[in-house]
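*Asks:* The structure follows.
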Amino acid sequence: MDKLRITGPSRLMGEVQISKAKNAYLPILTAVLLNPNGITLREIPNLRDIDTVFRLLENLGVKIDGKGQTETYFNPANISSLEATYDLVKTMRASILVLGPLLARFKKAKVSLPGGCAIGARPIDIHLVNLEKMGAKIDLTGGYVEASTTGLKGAKLVLSFPSVGATENLMMAAVLADGETVIENAALEPEIDDLGNFLIAMGANIVGLGTKIIRITGVKNLHPTTYTAIGDRIEAATYLMAALAGEGDVFIRGIDPVFLESVISLLVDAGANLETGPDWIHVMPSSLKAIKIDTAPFPGFPTDVQAQLIALCTQIHGTSIITEHIFENRFMHVPELCRLGARIELKGNSAIIEGSTPLVAAPVMCTDLRASAALIIAAIAAQGTTDIQRVYHLDRGYENLDGKLRALGVKVVRIS
Ligand code: EPZ
């Protein structure tokens, strides 16, 4: 298993190009299943999770040409299977997002239950109860969701929680349903809007994107289209915090700062020197004071940036408090950060971080995608050489991470 060897401390200096968003392309890729016509997607990032969804689509019968190229072409005309098997779903929970499209187009789907993961149980009850309201018959047998319908019907759906995945599955299911579907308490994450814009580009009838109430009127047919997803706001936030941790000076290109409003306003309030433009953020050397924040659904502070913020808070002045409200076990990075000398105390779902802590290199291990990003930030700030093991967690969501860090002046090598 690969590991990354980082020698710190380093100040990040230079420019980084943000890749297109993993969490936008994952639902967009499953939405391809709705359409019998060819779809061209541009600048798909080279990530493990993307490879997994490519394998999943090919197992279902989608022909894919141009993997790794600027333009990738998908031909979903001849779907030969309606089953997403456990071996793929267990490596990537987002595979559950094939459920809505397969049900909508083929009236049948068999998808392995995703199971929990390192950060929590992550049930899919909100997905299933609302698909049933649209006329799906759902059976849970042998670790699989077996779903069928005589034809999905538009319905009024009120989500008990603004679940990102449930909103996405239901949007896709509604695109071909008979009549109007209203999704209330829909998630507001930018990736939801991006999926909606892609569905509209294929011919879907959707109003209300960017609001808590999304209205979708089913259509009979979809047409070919070419689409490019938005920049990855979580990748951008990760480089932003890595730069601030070492008082670096970094130009972050390819990200609309509106997607990071809660992150940027928190950091500016704490003293960060930032400038922004339509598709860039320039972070300059800053001296930050302690931070107190709670994670929340968009537009609140994103849970996917919580681990990276904790790593940053070990380097700023004062005692910071970060409280996690979205997932029940999303502090796996804390014991690993403490191995590097961080002084963090966990109280319930809050982490209390002593700032201005000199970090010292030590071997650490990745546990989940964003926890691993926290270890990268800490290793860059730490004195000495840190080996970060199980780097495959990082490769799930950060394109060319070591290459981008090296270009920013970080001493990092990948060791196989
Ligand atoms: C998406 O996961 C993201 N993944 C996650 O990013 C992100 O952390 C999460 O949204 C929250 O923003 C992708 O987009 C591929 P949810 P998702 O459904 O859709 C509970 C990363 O690091 N819930 O909004 O699974 C659930 O247990 C990943 O890139 C139910 O109870 O998130 C959790 O506590 C990690 N029942 C909360 O809602 C359901 O049916 C948020 O889950 C669905 C969710």
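The values are calculated or read from the model by the stated rules, or taken from the named source; none is laboratory data. These numbers come from a predicted model, not from an experiment. In this analysis, Cβ positions are derived from the backbone assuming ideal geometry, glycine residues included, and neighbour counts consider all displayed protein chains.
This table checks each residue for (1) under 30 Å from K137 (Cα atoms); (2) crowded, with 18+ Cβ neighbours inside 10 Å; (3) modelled with pLDDT of 95 or more; (4) away from the ligand (no atom under 16 Å from the Cβ).
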residue: L4; (1), (2), (3), (4): no, yes, yes, yes
residue: P27; (1), (2), (3), (4): yes, yes, yes, no
residue: N37; (1), (2), (3), (4): yes, no, yes, yes
residue: T40; (1), (2), (3), (4): no, no, yes, yes
residue: I44; (1), (2), (3), (4): no, yes, yes, no
residue: T72; (1), (2), (3), (4): no, yes, yes, yes
residue: G100; (1), (2), (3), (4): yes, yes, yes, no
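*Asks:* Sticking with this structure for a sec: Return yes or no: is N169 crowded, with 20+ Cβ neighbours inside 10 Å, in contact with a strand residue (DSSP E or B) (Cβ under 6 Å, 6 or more places away or on another chain) and either in a helix (DSSP H, G or I) or free of Cβ contacts under 8 Å to residues at least 60 places away in the same chain (or both)?
*Replies:* No, not satisfied.
*Asks:* Residues to consider are I293, I252; find the one that is at pLDDT 95 or above, within 25 Å of the chain's Cα centre (by Cα), closer than 21 Å to T323 by Cα and among the β-branched types (V, I, T).
*Replies:* The conditions single out I293.
*Asks:* Hey, another quick one. Could you tell me how many of the residues in the stretch 297-325 are in a strand (DSSP E or B), hydroxyl-bearing (S, T, Y) and away from the ligand (no atom under 16 Å from the Cβ)?
*Replies:* Going through the stretch 297-325 one residue at a time, the tally reaches 2.
*Asks:* Anything in the stretch 245-256 that is closer than 29 Å to L359 by Cβ and out of contact with any helix residue (DSSP H, G or I) (no Cβ under 6 Å at 6 or more places or on another chain)? List them, or say none.
*Replies:* Listed by number, the residues that qualify are E247, G248, D249, F251, R253.
*Asks:* Could you go through the stretch 111-120 and let me know if any residue there is closer than 24 Å to S80 by Cβ and away from the ligand (no atom under 14 Å from the Cβ).
*Replies:* Yes; the residues of the stretch 111-120 include at least one that is closer than 24 Å to S80 by Cβ and away from the ligand (no atom under 14 Å from the Cβ).
*Asks:* Tell me, which helices (runs of 4 or more DSSP H) wholly within the stretch 56-144 include 3 or more residues that are farther than 20 Å from F161 by Cβ?
*Replies:* Passing ranges, in order: 86-89, 99-106.
*Asks:* Being crowded, with 20+ Cβ neighbours inside 10 Å and hydrophobic (A, V, I, L, M, F, W, C) is the requirement here; does L140 meet it?
*Replies:* no
*Asks:* Another question about this same structure. Of everything in the stretch 159-187, what is within 9 Å of the ligand (Cβ to nearest atom) and in contact with a Pro (Cβ under 7 Å, 6 or more places away or on another chain)? Give them in sequence order.
*Replies:* Answer for the stretch 159-187, where residues must be within 9 Å of the ligand (Cβ to nearest atom) and in contact with a Pro (Cβ under 7 Å, 6 or more places away or on another chain): P162, E168, A187.
*Asks:* Condition first: assigned to a loop (DSSP other than H, G, I, E, B), within 16 Å of the ligand (Cβ to nearest atom) and in contact with a Lys or Arg (Cβ under 6 Å, 6 or more places away or on another chain). Now tell me which residues in the stretch 326-381 satisfy that.
*Replies:* Selection gives C366 alone.
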